[in-house]
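Taking it in order: structure first as structure tokens, then the write-up.
Here, each number is a calculation from the coordinates, and none is a lab measurement. Note that the structure is a prediction, hence the values are computed from the model and not measured. As a convention, Cβ positions derive from the backbone with ideal geometry for all residues, glycine included, and neighbour counts pool all protein chains shown.
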Amino acid sequence: MSSTSRPQALARVIVTPKPVVNDPQGITVKQGLRTLGFSEVSDVRVGKYIEVLLDASSVQEARARVEAMCRQLLANHVIEDFRFEIDPGGRRAE
Amino acid sequence: MKFGVVVFPGTWSDRDCGWVIDQVLGASLQYLWHKDADLKGCDCVILPGGFAYGDYLRTGAIARFAPVMEKVGEFADRGGLVWGICNGFQILCEAGLLPGALIRNASLEFRCQWTNLVVERADLPFTSQCANGEVIRVPISHGEGSYFADPATLSRIEQNGQVVFRYCDQAGRMVPGANPNGSLHSIAGIVNTRGNVLGMMPHPERCAEAELGGTDGLKLFQSVLENAARVLVS
């Protein structure tokens, strides 16, 4: 249950395929961009963007919890890297 | 000897596996619901193909939290036979019961076609009816079946002899055209080091009757039937 008394933070998590993992989606999107005339494009990687709204007393606490979430579920360490930012304001992206 | 077939929301090959076990093999069959926290005395647990939990987040990522999976993990740790087919293989990798991961096919296409597999481990409870080096014909049906592991893991799997099946041509050669999804080392199926947890992308339950175009898949079910009683579960 979400507590109304505790401040909320919004985590913006980005999950990407590891550089060593073949990313056929990225290759296909790159080819599409080049076909459209964006000849300056040399590489595209397709990943995921995940927003997590959580109760947290501090940015450090939110950071530690989201790190654990990424390791246990949001990213598969075999094939994916993750990074995230914490917005202490707890606002979702419009 | 009793086969258990796990059913998650979104599983689609449970009835095909059940048909082979019950109608073709004439063996004892028990469906296991994902909410079951009990394997009901099954001697071999099959995680069948499909799209458990809609493949949300990643294939197999949510299924591993199902109550039944905790019991499947314990059963595997005790030496019980666990057999993941297609989505079941993806779930076993996500659950950490097998190394590596299955990623999007290199072609980006969903591939539904016959493949040839060379059997590299005929000494397992799952494959004893096959011969080492034998080529069997088994269909695949997946969009995310490209086997990936980091170089260190891959070399460990190879050194341990954990590769059970590789995609090949009819003569058993690992040529690029025979690899339908871009799997590293043409890997179609692997086993854990103990030899009791098998994951494979191809569907043996779809080639267990001549009417379906082939019977090579039946050999795997027959192998389990023959060996399950001798498998020691602590």
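Side notes on the structure shown:
- Debye-sum result for region B:131-204 in log10 I(q)/I(0), which assumes one identical scatterer on each alpha carbon, at q = 0.14, 0.16, 0.17 Å⁻¹: -0.42, -0.56, -0.64
- Over 29 Å between alpha carbons, listed pairs A:LYS18/B:LYS219; B:LYS71/B:LYS219; A:LYS48/B:LYS71: A:LYS18/B:LYS219; A:LYS48/B:LYS71
- Residues of region B:35-71 with amide N under 12 Å of a point placed 7 Å along Cα→Cβ from B:ASN160: none
- Using alpha-carbon coordinates, inclination of helix A:59-69 to the longest axis of chain A, degrees: 60 degrees
- Prolate/oblate/rounded label for region B:163-234 (Cα gyration tensor, a/c 1.5): oblate
- Spatial offset of region A:21-79 relative to region B:179-195 amounts to 26 Å, using the alpha carbon center of each.
- Qualifying aspartates and glutamates (Cα of each under 16 Å from Cα of B:LYS2; at least 8 residues distant if same chain): B:ASP14, B:ASP22, B:ASP38, B:ASP43, B:GLU226
- P(r), alpha carbons of region B:2-230 - 10 Å bins starting at zero, rounded %: 9, 37, 40, 13, 0
- Per-residue Cβ neighbour rank within 10 angstrom, fewest leading, B:THR153, B:THR59, B:THR193, B:THR115: B:THR193, B:THR153, B:THR115, B:THR59
- Exposed loop positions in chain B were taken to be trypsin sites (Lys or Arg not before Pro) whose DSSP state is not H, G, I, E or B and which have at most 14 other beta-carbon atoms within 10 angstrom. Between these positions, the longest stretch is B:79-172.
- Exposure proxy order (Cβ contacts within 10 Å, fewest to most) of B:CYS17, B:CYS207, B:CYS112: B:CYS112, B:CYS207, B:CYS17
- Ranked B:PHE65, B:PHE3, A:PHE82, criterion: other C-beta atoms within 10 Å, fewest first: B:PHE65, A:PHE82, B:PHE3
- Its relative contact order, with pairs defined as Cα atoms under 8 Å and 6+ residues apart, puts chain B at 21 percent.
- Placing +1 on the Cβ of every Lys and Arg and -1 on the Cβ of every Asp and Glu, with no other charges, gives the protein assembly as shown a dipole of roughly 420 debye about its Cα centre.
- Rounded to 5, percent antiparallel among DSSP beta bridges of the protein assembly as shown: 70 percent
- Dipole in debye (nearest 20) - region A:8-87, about Cα centre, beta carbon charges: Lys, Arg +1; Asp, Glu -1: 220 debye
- Relative contact order, percent, region A:8-87 [alpha-carbon distance under 8 Å, six or more residues apart]: 52 percent
- Under 5 Å, built H, 5+ apart or other chain: amide partners of A:ASP81: A:THR16, A:LYS18
- Positive end of the dipole of the protein assembly as shown (Cβ unit charges, origin at the Cα centre): among B:PRO99, B:GLY177, B:LEU220, the Cα lying farthest that way belongs to B:PRO99.
- Helical contribution to [θ] at 222 nm, DSSP H n ≥ 4, -39,500 (n - 2.57), averaged over chain A, rounded to 500: -7500 deg cm²/dmol
- Distance distribution P(r), the protein assembly as shown, all Cα-Cα pairs, bin width 20 angstrom from 0: 30, 53, 17, 0 percent.
- For the pair B:THR215 and B:TRP114, the difference between a 0.36 nm per residue extended length and the Cα-Cα distance amounts to 35.1 nm.
- Residues whose amide H comes within less than 5 Å of that of B:THR115, counting only those at least five positions distant or on another chain, are B:VAL138, B:ILE140 (H built at 1.01 Å from N in the peptide plane).
- For chain A, the orientation-averaged shadow of the C-alpha convex hull comes to 7.9 nm² (one quarter of the hull surface).
- Helix-only mean residue ellipticity at 222 nm for chain B, each DSSP H run of n ≥ 4 adding -39500 (n - 2.57), per residue, nearest 500: -5500 deg cm²/dmol
- DSSP-assigned coil residues among trypsin sites (Lys or Arg not before Pro) in chain A, each with at most 13 further Cβ atoms within 10 Å: A:ARG91, A:ARG92
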